[in-house]
Structure formats: C-alpha cells, structure tokens
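Enquirer: Structure incoming, see below.
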Amino acid sequence: MHVAAIGVGGAGGRIVDRLARDLGTGTDAPLTAVHAIDTDTETLASLGAVPRENRHTVGQFETGGAGTDGDRKLAADIVDEERMEIRRAVEDGIPTTVDAIVVAAGLAGGTGSAVAPALAGGFDRVYEQPVYAVSVLPSESETDDRGRENTARGLTALNDAATAQIVFDNDAWLPAEQSLEAHSDTLNAELVDRLGHLLTVSQETDGAVGERVVDTRDIMGTLDGGGLVSLGYASRSIAAWRGDSSLLDGLKRRVLGDDTDEVERGRAVQRTLSWATRGTLTFESPRSGATRGLLVFRGPPEWLRGDAISKGREWFADRTGIEQLRSGDCPVSGADTLDVLVVLAGIENAPRIEAFSLDSGSSDPNADHAGDEDAPEDSDATEGGDTAGDEQGGERDSEGSGVQSEPDDDGTATGSDAEGGSVDNPPTEVGSVTEDRDNE
C-alpha cells in the first residue's frame with residue numbers, strides 16, 4: 001500500500017517522522033511522500049526523516065513559532081488565514097498515484113485538533129483517494145479540561161472529515177505512575193509498528209503464495225466503511241510452540257518432511273490471534289463493537305497450512321459477531337515467528353471515546369468547524385501528543401509486540417497489555433486493562 005503521510009502538530013510530526021525512518025520514503029516505499037506541519041518551529045526542526053523542504057511552519061506571526069499552547073481557537077484562526085498556503089505546500093507534494101492519504105495528530109493540543117481536520121476535509125474534497133486519520137488520545141493524568149475539550153472536538157471533526165479514524169489511546173498504554181513524556185518514544189514505536197504492518201501487508205511475503213492473499217483492496221475495503229479503527233498485533237516465536245511437542249514427535253515429523261502437525265498449527269494460530277485482540281489494541285474496544293474486521297497471519301508456510309487459519313477466523317467471528325470479516329495469510333519461508341495483525345473497524349459504543357463526548361462538559365459545540373477545512377492543533381507529548389506503548393506494568397518481549405493474555409469471557413478487548421506470560425501461562429488482567437507480568 002502506498003500512501004502520503006502528513007504529521008500535524010508535535011505528536012503527528014513525530015509519528016510520521018518515525019514511520020519515514022522505519023519504512024523509508026519514495027515511489028517504491030509504503031510512504032510515497034511525507035510532510036509535517038506545526039506551529040512550533042523547534043519541534044519541526046527536531047525531525048530527522050522528514051525532509052526539511054517538507055516541514056511547514058504555520059502561524060509564525062500569531063505564535064512567534066512557539067506553538068499555540070493548546071489554544072485550539074488560535075489554531076483554527078491560523079488555518080483560516082493560511083489555508084490556501086498550507087494546502088498548496090502539501091498538495092503539491094502528494095503524487096496522484098498514492099492509494100490513500102494519512103493525516104496523523106495528537107488531539108489534546110491546539111494545532112493537531114484543529115489543523116488535522118481542516119487538512120483532512122480539504123483532501124477529501126480534492127482527491128479521489130480516501131483520507132485516513134491517525135488520532136492520538138491524551139493520557140488522563142496529564143490532560144487538563146482544555147486538552148479534553150480539544151480531543152472531543154478533534155474526534156468529532158475528524159469523524160466528519162476523514163474516511164476512517166485509527167485511534168491510539170495513550171491512557172491505556174502508559175505504565176501506571178509513569179509520565180507520558182518519559183515514555184513518548186516507546187509509545188510512538190508501538191503505534192508506528194502497527195501502522196507499519198498495516199501498510200506493508202501485501203509486501204511481507206518472500207515470493208511464497210498464501211492460500212488467501214491480502215492486498216491493498218482488503219485493507220481499504222475494511223477501512224473505507226468509516227468510523228473508528230483499532231489495530232492489534234501479536235508475535236510469537238515458533239520455537240515456543242514447538243516446545244509443547246515431544247522430541248520423538250518432532251523427529252517423526254522431520255523424517256516425514258513435515259515439522260508441524262494440525263493440532264499444533266491450530267493452537268498456535270488461535271492463541272496468537274487471541275493475544276492480538278487482547279491487550280495489544282491501539283484503543284480499548286467492546287468485543288462486539290466493530291462492524292468490520294481484517295485478520296492477517298504471517299509466518300512460515302508450513303504453519304499457515306490446512307484449516308488452522310479458517311478455524312481461527314471462525315473462532316474470531318463467533319466471538320466478535322463481525323459479519324464483514326476479511327482474512328489472509330502472508331507465508332515467509334524461514335520465518336521464526338508467527339504474527340497476527342488485527343484490524344477492527346466501524347467501532348461503536350467505546351466507553352473511552354464516549355468519555356470525550358461534547359455533550360459531557362464541552363461548551364458550545366456549534367463553535368467547532370474543524371471538519372470543514374479550518375482546524376489545526378498543537379500537540380505535545382503531555383497533551384496526548386505521543387502515542388503509548390512499550391510497558392504496561394512490564395516489559396515487551398524481544399520477539400515482537402508481544403504475547404498477550406488470553407481473552408476471558410467478559411466481552412471486552414483492551415488496548416494495553418504489554419508483553420508477558422508463557423504460552424500456557426499468559427499475563428493476568430487487572431480490571432479492564434491487562435497488566436503484564438513477565439513470566440518468561
């Protein structure tokens with residue numbers, strides 16, 4: 001999948017900068033073009049992977065290049081004044097061949113919550129391609145009333161302006177008693193890791209052909225129905241699954257030319273899938289909250305054979321009730337992990353999102369016009385700017401984003417369980433957010 005990515009505000013810029021660093025840019029890369037827009041010149045200057053000519057400062061007269069300090073109205077006024085200059089600077093660098101446009105922003109600040117919806121709305125009117133927002137929610141402990149209102153208005157405006165909104169909740173991922181500023185790099189890494197897997201799904205094979213190939217159409221078909229989106233990901237060493245078999249069984253299979261058996265494959269696929277939907281989601285979602293879904297399985301070809309994937313898909317569909325469910329496999333010869341990417345789309349009735357409702361404390365909903373074409377936002381790490389993610393009371397597994405706890409039957413999927421637990425002894429849950437306990 002090839003996209004143009006625009007980071008807005010401090011958080012959005014850092015997210016896009018890390019994406020560019022990890023995935024590269026250019027006509028053959030997932031990121032065909034990258035841009036960053038901010039009212040803070042110092043933050044823009046700190047970016048390393050976004051080319052200097054693609055870093056755009058706005059509102060210098062109004063802010064002196066020091067940001068909006070969370071003032072969303074000021075950011076919206078800046079967009080009103082400089083809308084054409086902003087659009088011209090960015091649109092000239094977006095190739096018409098991209099599959100989609102991605103706009104990333106933290107929503108608690110002034111710049112991100114106002115400028116991002118304005119850009120998304122403008123792109124939606126100019127381009128035929130879908131516009132996907134990546135929206136970062138602030139941590140409760142470090143957000144004031146203005147930050148919460150900015151978030152509410154940003155969510156509402158982007159819901160109207162963007163084709164779909166991929167949400168990352170800092171609050172769910174931030175370790176207890178830890179500051180967002182101290183963990184911002186780790187949190188950004190978790191979000192970017194999931195976005196990277198999403199953008200490179202169709203490029204992750206080594207020439208082997210899966211039983212059901214996933215391509216850009218599957219991704220866009222899942223996202224394009226609109227609404228909120230949560231991404232989950234889990235990875236597990238193949239050696240851990242083989243460890244459950246006896247030495248004799250392993251020798252027999254190797255002599256016969258098959259290093260796996262059907263039970264082993266099925267168990268590995270279902271367990272990894274369950275972990276990908278339990279504690280690794282970018283934001284907490286009710287189990288039955290999504291209307292569309294995509295499952296992507298990646299690993300050695302011999303571990304993706306038979307009915308392991310079809311049974312995993314059936315198990316997932318039964319638990320979530322999702323009728324529009326796409327799935328596929330990406331076989332990679334010699335891979336030493338089994339990975340699962342989960343996309344939940346069209347999410348409704350998510351308590352964390354409803355907590356930011358304009359009806360629950362924000363003033364004058366009619367004052368928000370960010371979804372039209374006028375809205376920017378300033379987003380620092382302390383204002384919901386950066387994403388969250390390495391530790392949730394523990395450490396991530398070095399093998400990937402992590403083995404997560406088995407889901408229980410309470411009907412909730414969470415977005416914060418860090419790595420921990422063994423194949424048969426997954427981490428325990430505390431409340432609705434999974435706390436990890438590294439037992440390996």
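Here's the yes/no breakdown for (1) modelled with pLDDT under 55; (2) buried (at least 16 other Cβ atoms within 10 Å of the Cβ); (3) touching a helix residue (DSSP H, G or I) at 6+ places or on another chain (Cβ under 6 Å); (4) under 22 Å from CYS330 (Cβ atoms):
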position	(1), (2), (3), (4)
LEU231	no, yes, yes, yes
ALA234	no, yes, yes, yes
SER237	no, yes, no, yes
ASP244	yes, no, no, no
LEU248	no, no, no, no
LEU251	yes, no, no, no
ASP259	no, no, yes, yes
VAL263	no, no, no, no
THR272	no, yes, no, yes
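Enquirer: Answer yes or no: is there a residue in region 33-40 that is hydroxyl-bearing (Ser, Thr, Tyr), in contact (Cβ under 8 Å) with a residue 40 or more places away in the chain and crowded, with 24+ Cβ neighbours inside 10 Å.
Expert: Scanning region 33-40, I find at least one residue that is hydroxyl-bearing (Ser, Thr, Tyr), in contact (Cβ under 8 Å) with a residue 40 or more places away in the chain and crowded, with 24+ Cβ neighbours inside 10 Å, so the answer is yes.
Enquirer: Looking at region 108-141, which of the residues that are more than 20 Å from VAL58 (Cα to Cα) and of a type in the set (Phe, Trp, Tyr) is farthest from the chain's Cα centre (by Cα)?
Expert: Looking at the filtered set, the residue picked out is TYR127.
Enquirer: Right, here's the next one. For ALA120, state whether it is crowded, with 24+ Cβ neighbours inside 10 Å, under 22 Å from ALA345 (Cα atoms), at pLDDT 90 or above and among the hydrophobic types (A, V, I, L, M, F, W, C).
Expert: Spelling it out, ALA120 is indeed crowded, with 24+ Cβ neighbours inside 10 Å, under 22 Å from ALA345 (Cα atoms), at pLDDT 90 or above and among the hydrophobic types (A, V, I, L, M, F, W, C).
Enquirer: Let me ask another. Consider THR43 carefully, then state whether it is buried (at least 19 other Cβ atoms within 10 Å of the Cβ) and more than 21 Å from the chain's Cα centre (by Cα).
Expert: yes
Enquirer: Taking the condition charged (D, E, K, R), assigned by TED's automatic domain parsing to the domain that holds SER139 and within 27 Å of ASP224 (Cα to Cα), does ARG55 pass?
Expert: So ARG55 fails the test.
Enquirer: Something else about it: Answer yes or no: is there a residue in region 309-323 that is of a type in the set (A, V, I, L, M) and surrounded by 24 or more Cβ atoms within 10 Å (Cβ to Cβ).
Expert: Within region 309-323, one or more residues are of a type in the set (A, V, I, L, M) and surrounded by 24 or more Cβ atoms within 10 Å (Cβ to Cβ).
Enquirer: On to the next question. Among the residues of region 91-107, how many are over 20 Å from ASN188 (Cα atoms) and under 23 Å from the mean Cα position of the chain (by Cα)?
Expert: Total satisfying the criteria: 4.
Enquirer: Could you give me the residue pairs with C-beta distances under 7 Å whose first residue belongs to region 144-156 and is in contact (Cβ under 8 Å) with a residue 12 or more places away in the chain, whose second residue is among the charged types (D, E, K, R) wherever it lies, and which are 6+ apart or on separate chains?
Expert: Matching pairs, first to second residue: GLY147/GLU383; ASN150/ARG72; ASN150/GLU377; ARG153/ARG72; ARG153/ASP368; GLY154/GLU377; THR156/ASP368.
Enquirer: Quick check on this structure: which one of ARG52, ARG21 is among the charged types (D, E, K, R), closer than 30 Å to VAL214 by Cα and out of contact with any helix residue (DSSP H, G or I) (no Cβ under 8 Å at 6 or more places or on another chain)?
Expert: ARG21
Enquirer: Restricting the search to region 149-185, which residues are among the hydroxyl-bearing types (Ser, Thr, Tyr) and farther than 18 Å from PRO351 by Cα?
Expert: Of everything in region 149-185, those that are among the hydroxyl-bearing types (Ser, Thr, Tyr) and farther than 18 Å from PRO351 by Cα turn out to be THR163, SER179, SER184.
Enquirer: Further question on the same structure: Select from region 32-83 the residues that are polar (S, T, N, Q) and more than 20 Å from GLY147 (Cβ to Cβ) and list them in ascending order.
Expert: Across region 32-83, the qualifying residues are THR32, THR41, SER46, ASN54, THR57, GLN60.
Enquirer: When only residues in region 60-85 that are surrounded by fewer than 22 Cβ atoms within 10 Å (Cβ to Cβ) and among the hydrophobic types (A, V, I, L, M, F, W, C) count, which is farthest from the chain's Cα centre (by Cα)?
Expert: Top of the filtered list is PHE61.
The values are calculated or read from the model by the stated rules, or taken from the named source; none is laboratory data. Everything quoted here is computed from the prediction, not taken from an experiment. Positions of Cβ are generated from backbone atoms using ideal geometry, with glycine treated the same way; all protein chains shown enter the neighbour counts.
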